[in-house]
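Please treat every number below as a calculation from the coordinates, not as lab data. Computed from a prediction, not measured in an experiment: that's the story for all the values here. Positions of Cβ are backbone-derived with ideal geometry, glycine not excepted, and every protein chain shown enters the neighbour counts.
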Amino acid sequence: MWSGRKKLRPEDFRLANGSQLPPKDVASLGSKKICAPEALANFERLKKEAQRLCEQVGVRFLGGYAVPEDRIDQIVPE
């Protein structure tokens, strides 16, 4: 899932004399927030809910979940 962050590069900072870096709530070392984390909160909640459902009937496998065919109907309607 997209995190709303982008990796910072040295050329992202062109500071004039006396200028300061952005405050920590805007940028952190190594990445910059290009979307408010609050805007992604619903998606994160849905992702966690889907993971819980998959873990109830399946197992982690190759970056996803292996779910027995006869139990797919337990998670698909959700």
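Placing unit charges on the Cβ atoms of the charged side chains and taking the dipole of the chain about its Cα centre, the candidate lying farthest along the positive direction among 75, 23, 63 is 23. Amide H to amide H, with H built 1.01 Å from N, residue 5 comes under 5 Å of 34, counting only residues 5 or more places away or on other chains. Here segment 1-43 is assigned +1 on the Cβ of each Lys and Arg and -1 on the Cβ of each Asp and Glu. Its dipole about the Cα centre then comes out at about 140 debye. Quick one: angle between helix 41-57 and the longest Cα principal axis of the chain, in degrees between 0 and 90, rounded to 10, please. So the helix axis and the longest Cα principal axis differ by about 30 degrees.
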